[in-house]
Each structure stands twice: as structure tokens, then as C-alpha cells.
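*Asks:* First, the structure itself, so that you have it in front of you.
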Amino acid sequence: MSVNWSLPFDERLVPSVGRRPVDVSQYVAEHKASLSRGTAFWESVASELDWKRRWDTALDSGSPPFYRWFAGGLLNASYLCVDRHASGARAGKPAIVWEGEGGAGGAPESRTVTYSELRREVESAAALLRDEYGVEKGDTIGFYMPMVPEFPVLMLAAARLGAKFTVVFSGFSSESLGERLADAGARLLLTADGGWRRGSVIPLKQIADDAIGLAPSVESVLVLRRTGKDVPMVAGRDRYLDEALRRVPAGASVEPEDMASDDPLFILHTSGTTGKPKGQVHDTGGYLTLLHATMNWVFDVKDTDVYWCTADIGWITGHSYVVFGPLLEGATTVMYEGALDFPKPDRWASIIERHRVSLLYTSPTAIRSFMKNGDSWVDGRDTSSVRLIHSVGEPINPEAFNWMHRHVGRSTVPFGSTWWMTETGGIMISVLPGRSMVPMKPGANGFAIPGVEVDVVDEAGRPAKALERGFLVIRTPWPGMPLTIHNDPERYKEVYWTRFPGSFYAGDYAVRDRDGYVWVLGRADEVIKVAGHRLGTYEIESALVQHPSVAEAAVVGVPDQVRGEVPVAFVILKAGAKGGEALRQELVLAVRERVGAIATLRGVYFVSKLPKTRSAKIMRRVVRAVVAGADPGDVSTLEDEASVDEVRDAYRQLKSEVDGTRA
Ligand code: WT7
């Protein structure tokens with residue numbers, strides 16, 4: 001199995017399936033027609049939501065790139081996701097079907113929250129936030145939570161009051177959490193006494209306590225009891241959620257706040273090339289409009305479906321497609337607390353079997369790990385309820401696609417690789433089983449959704465030829481786009497809108513094949529994707545150079561059969577410091593502590609010099625090429641060419657030691 005593949009692609013066509021099979025030319029015509037309608041196209045989509053007040057202007061483009069969708073419109077995300085469904089035919093329908101990880105061998109714990117129960121819970125939580133914490137429109141609430149139903153309930157409660165939520169993935173370290181909470185200016189932090197993962201407890205509260213030291217804005221902490229283990233509580237600052245909720249009168253009602261379409265719904269941080277993480281600020285009206293469109297076009301969601309997105313709510317995929325997308329549509333969303341292969345490798349397939357999951361959204365990394373565990377784990381389970389699959393987060397290799405399509409999709413169901421990113425808010429490129437679907441190609445992303453124009457361009461911004469690698473851009477503003485980067489509008493302009501003026505630069509390499517399908521190949525910048533999660537090499541490097549023995553560090557990604565990419569570090573030690581196994585382990589640990597477990601280094605290589613330009617900038621491009629065994633290309637700007645050999649030798653030697661001991 002190879003994770004990276006090269007041209008020519010597997011251009012095998014899998015016949016069109018879905019609601020309305022079309023050929024490429026039909027889709028291209030339909031797509032063109034959507035674009036020619038301009039913003040009126042998106043207005044008709046937005047009209048399908050229940051607005052408190054209709055907008056005045058479809059798109060305010062007064063000061064690009066700070067676009068405002070549906071300006072003048074009023075709505076509330078909590079109303080749309082909860083109230084609308086809580087009192088009609090869907091009142092008794094499961095909104096959330098939750099499954100706990102459970103201990104080894106133990107019966108899985110589960111809980112169903114109907115739409116009417118969801119409304120009660122959201123209103124109680126909103127009453128608590130409002131009455132006991134004075135939360136109001138414009139406030140920011142931090143989340144550092146395990147995957148339990150209270151997590152979306154509290155997000156919806158925040159949205160009901162008009163407070164922004166800012167979620168930090170529970171695998172991030174205290175430093176990462178503190179930095180993000182401080183940047184977002186969170187006043188209140190919602191966390192838990194711990195979270196279950198592979199049968200052990202992640203000490204969320206302890207990590208949060210350390211983080212708060214770095215985030216002076218945090219005044220209060222609400223702690224959900226999940227594990228029941230004792231955790232330190234700071235008097236006057238911390239309270240248990242269940243105890244606090246007991247003070248809320250039964251049946252407390254909280255009216256959804258009127259939110260302007262361009263009021264922020266949340267801030268979510270993404271790793272960038274340099275500097276601190278960027279807080280992407282998402283609006284309310286545009287974001288929900290995009291989710292409504294994609295839940296229908298991409299997922300073909302129906303009232304009879306059981307929908308499961310395996311992502312953690314800590315990432316954008318979870319925000320958009322575990323919580324807001326499915327609930328907006330009144331669907332049943334499955335939420336699973338733990339590891340997909342725990343306690344046995346068939347856990348994920350058994351969730352599909354027991355809950356009769358019909359729509360499945362997962363990642364290439366998950367699929368590759370299922371594949372590695374062997375066919376018997378899935379073939380022994382009844383997954384025939386699945387009628388559609390999509391994957392997200394990184395390119396999917398055709399082998400993984402074909403395996404999943406065969407073993408879960410019976411080689412017949414629609415299956416796509418949806419391209420999007422934290423910044424886009426929702427899916428931008430995909431096949432559309434719920435609308436008009438072109439034939440599938442294993443590994444390809446497909447075409448931009450209607451109303452969105454993407455392109456693959458060369459260095460000069462000219463459309464690249466078919467089969468020529470270029471940069472992925474989005475040509476037109478789209479609903480769901482960021483309002484800005486929190487506290488840094490200049491950076492928003494510079495990172496996304498400067499390289500190709502007038503277009504949004506995604507930071508990805510892509511090609512179009514001869515039929516016009518887009519294939520996103522991977523990041524074109526210093527960002528690596530580990531198991532589909534985005535990590536800035538810079539963040540890992542700064543963790544390394546904080547170690548007293550480290551002078552300089554360069555981090556690059558190397559291919560991994562399951563996780564897509566994993567980071568390795570080349571380190572120059574300070575004079576007098578001694579490299580060796582002990583220091584290596586210390587550095588791996590230091591990165592885990594400072595950034596989080598997802599940043600675990602696969603290798604640490606000690607070198608005396610690194611490839612640098614004459615102005616002393618580390619040339620990661622060269623390091624990357626050496627590690628990949630490729631030609632480093634033009635090295636004429638290198639200050640010292642011997643550094644290339646040194647990196648190569650260090651990598652080779654350790655790699656052969658590691659491979660040798662494994663064998
Ligand atoms: C980056 C965004 C948005 C969901 C989770 C990731 C890569 C995402 C695909 C896909 C190839 C993909 C890109 C993108 N990516 N989906 N289907 N095929 N690459 O969000 O953490 O903001 O990362 O993920 O490189 O830029 P994210």
C-alpha cells in the first residue's frame with residue numbers, strides 16, 4: 001500500500017449513482033448556470049432556512065476580502081438546529097445518539113437525546129450561562145471537552161445567547177489550550193474531570209488548570225463529571241456542571257438571541273506556517289447556509305437516515321458535520337466518544353451495525369487503519385445499512401478508497417473525498433449524490449459545488465493545464481467563508497488574499513485531470529497533515545528550541561502508511577550538549593507536552609548544520625526533499641551544501657537502525 005501516488009492517476013470511472021446521475025458535461029453546465037446567477041443562487045439556498053428577518057443585501061463586498069453574507073438578516077443557530085424540530089413531527093426523533101467508549105469488554109454505554117429533550121437541555125444550559133455567569137451576546141466561551149452529548153448542548157446554549165464558542169481539541173496540550181483561550185479572550189471555560197480514550201483517562205481538568213495560567217481572561221470554569229475521578233477545584237472559580245445546573249429552575253426558558261447574519265458564531269484556531277495559530281472567525285448566516293446546502297447535496301440527508309461523522313467536535317469537521325449540519329436538517333447524528341478500534345478493531349463496524357448507520361463520514365487515516373487490521377473485522381459485521389460514504393481531511397489513496405468501497409459500500413454506494421478546510425466552513429469540492437452526481441474516481445475530489453468557483457493555477461495565477469500541478473484557489477466569495485482572523489485582519493488578507501489577488505489561496509497543491517476532476521495533492525506550505533489534522537511545523541520547532549540543549553530545529557513531514565504524514569525533527573544542539581537516545585526521548589516528550597500527542601515525533605536526528613539560505617533561513621524544502629529521497633532541486637542559494645549530505649546521512653543512519661531493530 002502506498003500513501004502517495006503520482007501521475008497518471010487511477011482514472012477508472014465508477015458509474016454515476018445517487019439521486020440524479022449525470023455525466024461531466026451536464027454537471028459542468030449546471031455548475032456554470034449556478035455561477036451565472038451570482039449571489040441570487042445562494043439567496044435561494046438561504047431562503048430555505050428560517051430567518052427571523054430576511055437580509056437586505058445578499059453579499060456586502062464593500063471592503064474585500066472582508067465579505068458579509070446576507071447583511072441585515074437575523075437568525076439564531078440554536079433556534080434553527082433545535083427549536084424548529086423540537087415541537088413538530090421530529091419532537092420524539094433522536095437528535096443525538098451517543099455511544100461511550102466503555103471499558104474493555106464492557107457493554108457500550110449509550111444515550112439518546114430526542115429533539116424535544118435537546119431543546120430542554122439547551123435551554124437549561126443557556127439559563128445557567130445567562131443567569132449564573134452573566135453570559136451575553138458578544139461573549140466568548142472556551143471549550144475543552146470530551147465527546148459527550150453535553151458538548152454540543154453547551155455549544156448550542158452559547159449560540160442561543162449569542163456568545164461565540166471557541167473549541168480546543170481535547171488532545172491539545174495545556175500550552176496550546178492556554179494560547180488559544182487567551183487569543184480568543186474566553187471568559188468562561190467548559191471542561192470535564194477527564195475524558196476516556198482507549199480505556200484510560202485524559203486528565204482534562206489538570207491540563208485546563210495549567211492552561212488557565214496562560215489565559216488570564218478565564219474567570220470561571222464549569223466542570224462536567226465524566227469519569228467521576230477527583231480533580232482539584234479552585235474555590236470561587238470552578239464548579240461542577242451538574243451542581244450548577246441544579247440551581248436552574250425546571251422548565252427555564254431562554255429566547256434565542258437575534259443574531260445578525262454576520263455576527264460571529266465561533267472562533268476556531270488553525271495551525272499556520274509561522275507564528276501563533278490563526279483564529280478563524282465564522283459568521284452565522286453564511287455558515288449555516290453552506291451547511292444546509294452541503295448536507296443535502298453531498299450527504300443527501302433524509303429523515304430516515306442515521307448519520308455518523310467520526311470526527312471529534314474539536315476540529316472543524318465536528319463543528320460542521322457532527323453538530324450544526326445534521327441538527328440543522330433535523331437529522332439523527334451519531335456521536336462516539338472514543339477510539340474507533342477500541343477495545344477491538346471492529347468497534348467502528350459494530351457501531352454501524354448496532355445503530356444502523358446509513359450515512360458515513362470518515363477519514364483516510366481511519367480507513368487505512370481499518371484496512372491494516374484486516375478484512376475479517378469488518379466482514380464479520382453487518383454494515384448493509386450504509387448507503388453513502390464520504391472521506392475528508394487528506395487525500396485518499398485509491399487502495400484505501402477501493403477497500404472501503406468494497407467492504408462497506410458493497411462496491412455500489414456513492415463515495416467521495418470532500419475537499420474543504422477550517423477556513424471554508426464547509427465542503428467546497430465533492431461529488432454530489434444528493435443533487436447531480438458525476439461518475440466517481442477513486443482518490444479524486446471532483447468538482448466545486450454549485451455556487452463556488454475553484455481553479456488550479458500556476459505561479460503566475462494563470463489556469464494550469466490538465467495534469468499540471470498547480471495551486472488551488474477559490475475564485476468567488478462563498479457563504480461560510482471566514483469573517484477574518486481574530487484580532488488580526490491584516491494577517492487574514494495577507495495569508496489568503498495576497499498571493500493571487502482577488503482569489504482565496506488555499507495553500508494546497510492540486511491538479512485537474514483530463515476530465516476536469518480536481519485532485520488535491522497535499523499542502524504547498526509548511527503545514528503537515530498528521531492523521532488528517534493540521535500541524536504547523538513552526539509550532540513543533542518552537543517547542544523544540546525551548547529545550548535547554550537545542551539551538552535550532554527543522555521539522556518536516558515524512559510519509560506514513562496509516563497516518564498519511566508524521567513529523568520528524570532535525571536538531572542542532574547547543575555547544576556542550578550531547579545527543580543520544582535519552583535526549584531524543586526527552587525531545588519527543590517535550591513536543592508532546594508543549595503541542596500535544598498528535599505532534600509526536602517519529603524521529604529526532606542530530607546534525608551539526610541545516611540547509612540554510614545565506615540569510616540564515618532554514619530551507620525546509622531541501623530537508624523535505626532529502627527525507628523523501630528526492631532531488632533537492634536548486635540548491636544554489638544554500639549557504640553550505642555539505643549540510644544536505646549531513647541531513648541525508650543522519651536520516652539514513654537512524655532510519656536503518658530503527659528499521660533494523662524492528663525486523
Ligand atoms: C487541509 C485542511 C476540513 C476538514 C478537515 C481538515 C486537506 C482536507 C481533503 C481531501 C485532499 C484534503 C487539505 C486542506 N484536505 N480534505 N478530501 N482531499 N486533501 O481541515 O485541518 O483545516 O485542513 O486538509 O490539505 O488544506 P483542516
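*Asks:* If you check Trp348 against the conditions, is it out of contact with any strand residue (DSSP E or B) (no Cβ under 7 Å at 6 or more places or on another chain), assigned to a helix (DSSP H, G or I) and open to solvent by 20 Å² or more (accessible area, probe 1.4 Å)? If you could, list the steps in order and put the result at the bottom.
*Replies:* Values: out of contact with any strand residue (DSSP E or B) (no Cβ under 7 Å at 6 or more places or on another chain): yes; assigned to a helix (DSSP H, G or I): yes; open to solvent by 20 Å² or more (accessible area, probe 1.4 Å): no.
Taking the combined requirement at face value, the residue does not satisfy it.
*Asks:* All but one of (1) open to solvent by 10 Å² or more (accessible area, probe 1.4 Å); (2) within 30 Å of Gly557 (Cα to Cα); (3) not in a loop (DSSP other than H, G, I, E, B) hold for Lys276, so report the exception by its number.
*Replies:* Every condition holds for Lys276 apart from (3).
*Asks:* For a quick check of your reading: which strands (runs of 3 or more DSSP E) sit entirely within the range 130-238 and have at least 1 residues that are β-branched (Val, Ile, Thr) and closer than 24 Å to Val334 by Cβ? Give the derivation first.
*Replies:* Numbers: elements: 140-144, 164-167, 188-192, 195-197, 200-202, 220-224.
By residue number, 164-167, 188-192, 200-202.
Yes/no matrix, rows are residues, columns are (1) open to solvent by 10 Å² or more (accessible area, probe 1.4 Å); (2) modelled with pLDDT of 95 or more; (3) more than 20 Å from Pro277 (Cβ to Cβ):
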{"site": "Met155", "(1), (2), (3)": "no, yes, no"}
{"site": "Ala158", "(1), (2), (3)": "no, yes, yes"}
{"site": "Val168", "(1), (2), (3)": "no, yes, no"}
{"site": "Phe172", "(1), (2), (3)": "yes, no, no"}
{"site": "Ala184", "(1), (2), (3)": "no, yes, no"}
{"site": "Thr191", "(1), (2), (3)": "no, yes, no"}
{"site": "Arg197", "(1), (2), (3)": "yes, no, yes"}
{"site": "Leu204", "(1), (2), (3)": "no, yes, no"}
{"site": "Ala211", "(1), (2), (3)": "no, yes, no"}
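*Asks:* I'd like the full set of residues that are open to solvent by 20 Å² or more (accessible area, probe 1.4 Å) and within 12 Å of the ligand (Cβ to nearest atom), limited to the range 395-409.
*Replies:* Within the range 395-409, Pro395 is the sole residue that qualifies.
*Asks:* For Gly576, which of the numbered conditions (1) open to solvent by 10 Å² or more (accessible area, probe 1.4 Å); (2) part of a strand (DSSP E or B) fails to hold?
*Replies:* (2)
*Asks:* Considering every residue within the range 175-196, establish whether at least one is over 30 Å from Thr424 (Cβ atoms) and free of Cβ contacts under 8 Å to residues at least 24 places away in the same chain.
*Replies:* no
*Asks:* Somewhere in the range 98-118, is a residue of a type in the set (Val, Ile, Thr) and open to solvent by 20 Å² or more (accessible area, probe 1.4 Å)?
*Replies:* Step one: list which residues in the range 98-118 are of a type in the set (Val, Ile, Thr), which gives 112-114.
After this cut, where a residue has to be open to solvent by 20 Å² or more (accessible area, probe 1.4 Å) as well, the list is 112, 114.
For the range 98-118, residues of a type in the set (Val, Ile, Thr) and open to solvent by 20 Å² or more (accessible area, probe 1.4 Å): present.
*Asks:* Restricting the range 498-508 to residues that are out of contact with any helix residue (DSSP H, G or I) (no Cβ under 7 Å at 6 or more places or on another chain) and within 16 Å of the ligand (Cβ to nearest atom), which is farthest from Asp262 (Cα to Cα)?
*Replies:* Residue satisfying both the conditions and the ranking: Asp508.
*Asks:* So is Arg621 closer than 14 Å to Pro548 by Cα, surrounded by fewer than 19 Cβ atoms within 10 Å (Cβ to Cβ) and either outside the structural domain of Arg648 (by TED's automatic domain parsing) or in contact (Cβ under 8 Å) with a residue 12 or more places away in the chain (or both) or not? Don't jump to the end; show me each part of the working.
*Replies:* On the way: closer than 14 Å to Pro548 by Cα: no; surrounded by fewer than 19 Cβ atoms within 10 Å (Cβ to Cβ): yes; either outside the structural domain of Arg648 (by TED's automatic domain parsing) or in contact (Cβ under 8 Å) with a residue 12 or more places away in the chain (or both): yes.
Taking the combined requirement at face value, the residue does not satisfy it.
*Asks:* Criterion first (surrounded by fewer than 18 Cβ atoms within 10 Å (Cβ to Cβ) and within 16 Å of the ligand (Cβ to nearest atom)) does Ala524 satisfy it?
*Replies:* Taking the combined requirement at face value, the residue satisfies it.
*Asks:* I'm trying to understand the selection: among the residues of the range 449-486, which are closer than 16 Å to Thr289 by Cα and among the small types (Gly, Ala, Ser)?
*Replies:* Answer for the range 449-486, where residues must be closer than 16 Å to Thr289 by Cα and among the small types (Gly, Ala, Ser): Gly451, Gly480.
*Asks:* When Leu587 is evaluated against the numbered criteria (1) touching a residue at least 12 places away in the same chain (Cβ under 8 Å); (2) open to solvent by 30 Å² or more (accessible area, probe 1.4 Å), which criterion, by number, is the only one it fails?
*Replies:* With (1) touching a residue at least 12 places away in the same chain (Cβ under 8 Å); (2) open to solvent by 30 Å² or more (accessible area, probe 1.4 Å) applied to Leu587, the lone miss is (2).
*Asks:* Just a yes or no: is a residue in the range 418-427 within 11 Å of the ligand (Cβ to nearest atom), in contact with a Pro (Cβ under 7 Å, 6 or more places away or on another chain) and within 30 Å of Leu483 (Cβ to Cβ)?
*Replies:* Residues of the range 418-427 within 11 Å of the ligand (Cβ to nearest atom): 418-427.
Then keep just the ones that are in contact with a Pro (Cβ under 7 Å, 6 or more places away or on another chain); that gives 423.
From the residues that got through so far, the ones that are within 30 Å of Leu483 (Cβ to Cβ) too are 423.
Checked against the condition, which is being within 11 Å of the ligand (Cβ to nearest atom), in contact with a Pro (Cβ under 7 Å, 6 or more places away or on another chain) and within 30 Å of Leu483 (Cβ to Cβ), the range 418-427 yields at least one hit.
*Asks:* Could you check the range 295-314 and list, in sequence order, the residues that are part of a loop (DSSP other than H, G, I, E, B) and either in contact with a helix residue (DSSP H, G or I) (Cβ under 8 Å, 6 or more places away or on another chain) or surrounded by 22 or more Cβ atoms within 10 Å (Cβ to Cβ) (or both)? Break it down stepwise before answering.
*Replies:* Keep residues of the range 295-314 that are part of a loop (DSSP other than H, G, I, E, B), which gives 298-305, 310-314.
Across the range 295-314, the qualifying residues are Val298, Phe299, Val301, Thr310, Ala311, Asp312, Ile313, Gly314.
The values are calculated or read from the model by the stated rules, or taken from the named source; none is laboratory data. Values in this document were obtained by computation on a predicted structure and should not be read as measured data. No Cβ is skipped: glycine too gets one built from the backbone with ideal geometry, and neighbour counts run over all protein chains shown. Heads up: the accessible areas ignore ligands, DNA and RNA and are worked out on the full protein's heavy atoms, side chains in. Shrake-Rupley method; radii C 1.70, N 1.55, O 1.52, S 1.80 Å.
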